[in-house]
């Protein structure tokens, strides 16, 4: 047994998928952790009124229960990806999940607004280390080819499910137990995940060696720049694009990120993001596609949730149930159909086609009116959108992780996750302005949401055009 363990450490990626560790356990752990990370982006949304009443939040402070997690998560993702390379993916996985679970416990027991906001920020830090580690675990365990494609398809589908399930799980826990269980539920799951991670995850390249020097200036600049840019974009909906705070924070974020690129190119001995990654065409173009896709798909949940609650007058739980078709279709298509099609269809062709299918679904969604019902206003477009989305996400994830040196797998994973988060913040800010042009009454609200969905359709059509620049090779 000991010889087999030693061989798994020394023989490289091929030996990591051995009998005693089991690739199924690795995939299961990575997917469970990714589900928790994505779930906690939205799981507190339905619980916010209960949190406000319980802890005495001021109305202006309540949004920080959500934003503290999102901002720290987005700001630290690049550093988290680099730490996954430096520490080794098993150690990064265990440390990230441990921090995430401990912060969940602190948040669930919080007795004051500041304590809960600090706990949510600590959750975001743990998620920023854990999310790149889950992807690095998979790319380090499964070699490029059909096996990795299937693993990434399942990982992607589970991430989609986590985002969609947040409102449903949060609503059920809040209604039948307490808002505190929205956070406390992570604790036993995280504890089991840490134990299983130590037992089943293969030892990473960085473990057992002297860690290399970290790019601390780059980490500070990346974190500060992304946080300022994301926070500035988040202010656009309430303050407007011309407000001094919005312009100042957004401009500062862009300038700091420009400084980050200069440090990475000229100063850093061990760059947080090796700029050579962008010379890999699938990585450079793939991340641009991810940016545009995130700007479309993440805001979709926001606008559909508002449409169902404000126009169709659904409650929180009924709204969450209304999203089930999006979740189920995307999961089935992404986990089952996409890997099979990728055996016969070039990834670039599949990305172009699926982006156009999704665009068609959003064009249909843009036809909603105040008199639309669930079937014609939500369900019909949802099926088309979800088929396109399910076929879109897996080949994009495969593209941005292919051809990357294993030593830079964590950096590539952190970059991918950061791109999606920044794209989502940018898209939500811009589309909120589009939707806010009509803001009073059911008909005006619906018209605004319709304009946002039409804009998403246009951006996804642009994704199809950009995807033509991807390499044409098969997986």
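The values are calculated or read from the model by the stated rules, or taken from the named source; none is laboratory data. This one's a predicted model, so the numbers in the text were calculated from it and none came from an experiment. With ideal geometry, Cβ positions are generated from the backbone for all residues, glycine too; neighbour counts draw on all protein chains shown.
Results, tabulated for the structure shown:
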| quantity | calculated |
| --- | --- |
| All positions within the stretch 67-99 that are surrounded by fewer than 23 Cβ atoms within 10 Å (Cβ to Cβ) and at pLDDT below 75 | 67 |
| Meets criteria (crowded, with 16+ Cβ neighbours inside 10 Å, on the phi < 0 side of the Ramachandran plot and at pLDDT 95 or above) for residue 460 | yes |
| Helices (runs of 4 or more DSSP H) wholly inside the stretch 321-383 containing at least 1 residues that are under 19 Å from residue 302 (Cα atoms) and assigned by TED's automatic domain parsing to the domain that holds residue 293 | 324-332, 347-365 |
| Residue satisfying condition, being at pLDDT 90 or above and exposed (fewer than 14 other Cβ atoms within 10 Å of the Cβ), within set 288, 255 | 255 |
| Residue count for the stretch 171-190, restricted to those that are in contact with a helix residue (DSSP H, G or I) (Cβ under 6 Å, 6 or more places away or on another chain) and under 17 Å from residue 32 (Cα atoms) | 6 |
| Enumeration of residues in the stretch 103-119 that are more than 24 Å from residue 90 (Cα to Cα) and surrounded by 24 or more Cβ atoms within 10 Å (Cβ to Cβ) | 107, 116 |
| Failed criterion for residue 425 (all others in (1) modelled with pLDDT under 85; (2) closer than 30 Å to residue 142 by Cβ hold) | (2) |
| Any chance residue 422 is without any contact (Cβ under 8 Å) to a residue 24 or more places away in the chain, outside the structural domain of residue 239 (by TED's automatic domain parsing) and under 30 Å from residue 227 (Cβ atoms) | no |
| Index of the failed condition, residue 396 passing every other in (1) modelled with pLDDT of 75 or more; (2) surrounded by fewer than 24 Cβ atoms within 10 Å (Cβ to Cβ) | (2) |
| Residue match in the stretch 122-132 (condition: surrounded by fewer than 23 Cβ atoms within 10 Å (Cβ to Cβ), modelled with pLDDT of 80 or more and assigned to a helix (DSSP H, G or I)) | yes |
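Condition check ((1) buried (at least 21 other Cβ atoms within 10 Å of the Cβ); (2) at positive phi; (3) part of a helix (DSSP H, G or I)) across all residues:
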| site | (1), (2), (3) |
| --- | --- |
| 235 | no, no, yes |
| 242 | no, no, no |
| 248 | no, no, yes |
| 251 | no, no, yes |
| 259 | no, no, yes |
| 268 | yes, no, no |
| 272 | yes, no, no |
| 276 | no, no, yes |
| 284 | no, no, yes |
